[in-house]
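Below is one structure, written out as structure tokens; comments come after it.
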Amino acid sequence: MIAGIILAGGAGSRFGGPKQIAELGGRSLIEHAVAAMSAVPAIERIVVVLGAHADIVRRRADLGGTEIVVARDWREGIAASLRAGIGAVTGAEAVVIALADQPLITPQVIAAVLDGIDSTRPAARATYDGEPGHPVLIKRELFGEVATLRGDAGARDLLDRAGVATVECGHLASPHDVDTRDDLAAIGGQMKDSAQVRG
């Protein structure tokens with residue numbers, strides 16, 4: 001089984017509130033992430049990890065058929081959300097991890113990183129013009145080490161030590177994330193420009 005994990009536990013302090021439910025293009029940021037993950041047929045389970053604002057996000061976002069896990073220790077940082085997500089899918093062969101505040105990540109990017117499961121390496125990650133980003137694929141052999149992570153550093157050091165396959169995705173999507181309301185407005189402008197080009 002391949003599982004998807006969407007990390008959405010942060011407080012959004014720079015945004016000024018629960019950015020997970022901020023609207024962009026007619027749906028919330030977290031709904032964009034769920035839609036992208038749900039559109040990849042190889043992913044059989046999707047776990048959404050909430051933390052700060054968990055009750056608000058549950059009430060106001062349509063999380064579809066995903067499984068919701070709450071990281072009670074979310075204040076610790078992203079490692080707490082990673083541990084909670086991995087702990088919910090321990091039987092998976094591998095997981096693909098995405099962030100709820102990157103609404104321009106497409107199903108094509110997730111599928112491209114998922115192809116890294118055929119690599120001999122224990123993990124794969126998207127890069128954008130050579131810069132490491134998300135989503136990230138982690139195989140079961142690293143789950144135990146993910147469970148030992150602490151703080152707000154995420155899994156980057158672990159992946160570097162273990163040996164991560166890189167998948168260039170700069171031609172497929174933009175990795176821009178939403179930290180502030182200005183970011184949200186800028187990404188909204190990008191989406192409108194793209195729609196006009198397609199039209």
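Going by the structure shown, is Ala126 of a type in the set (A, V, I, L, M) and buried (at least 20 other Cβ atoms within 10 Å of the Cβ)?
Values: of a type in the set (A, V, I, L, M): yes; buried (at least 20 other Cβ atoms within 10 Å of the Cβ): yes.
Considered against the rule, which asks whether it is of a type in the set (A, V, I, L, M) and buried (at least 20 other Cβ atoms within 10 Å of the Cβ), Ala126 comes out as yes.
Which condition number does Ser119 fail, the rest of (1) surrounded by fewer than 17 Cβ atoms within 10 Å (Cβ to Cβ); (2) under 16 Å from the mean Cα position of the chain (by Cα) being met?
Only one criterion is unmet by Ser119, namely (2).
Which number in (1) more than 21 Å from Arg150 (Cα to Cα); (2) more than 16 Å from the chain's Cα centre (by Cα); (3) not basic (Lys, Arg) marks the one condition that Asp73 misses?
(1)
For the structure I just gave you, tell me whether Ala88 is under 18 Å from Met37 (Cβ atoms), modelled with pLDDT of 95 or more, in contact with a strand residue (DSSP E or B) (Cβ under 6 Å, 6 or more places away or on another chain) and surrounded by fewer than 21 Cβ atoms within 10 Å (Cβ to Cβ).
In short, yes.
Are there helices (runs of 4 or more DSSP H) fully within the stretch 8-108 with at least 1 residues that are of a type in the set (Ser, Thr, Tyr)? List them. It would help to see each step written out before you state the result.
Numbers: elements: 29-38, 54-60, 78-88.
It comes to 29-38, 78-88.
If you take the residues of the stretch 1-58 that are under 19 Å from Gly85 (Cα atoms) and of a type in the set (S, T, N, Q), which of them is surrounded by the fewest Cβ atoms within 10 Å (Cβ to Cβ)?
Among residues in the stretch 1-58 that are under 19 Å from Gly85 (Cα atoms) and of a type in the set (S, T, N, Q), the one surrounded by the fewest Cβ atoms within 10 Å (Cβ to Cβ) is Ser38.
The values are calculated or read from the model by the stated rules, or taken from the named source; none is laboratory data. If you're wondering where the values come from, they're calculated on a predicted model, not measured in any experiment. Neighbour counts are summed over all protein chains in view; Cβ atoms, including those assigned to glycine, are modelled from backbone coordinates with ideal geometry.
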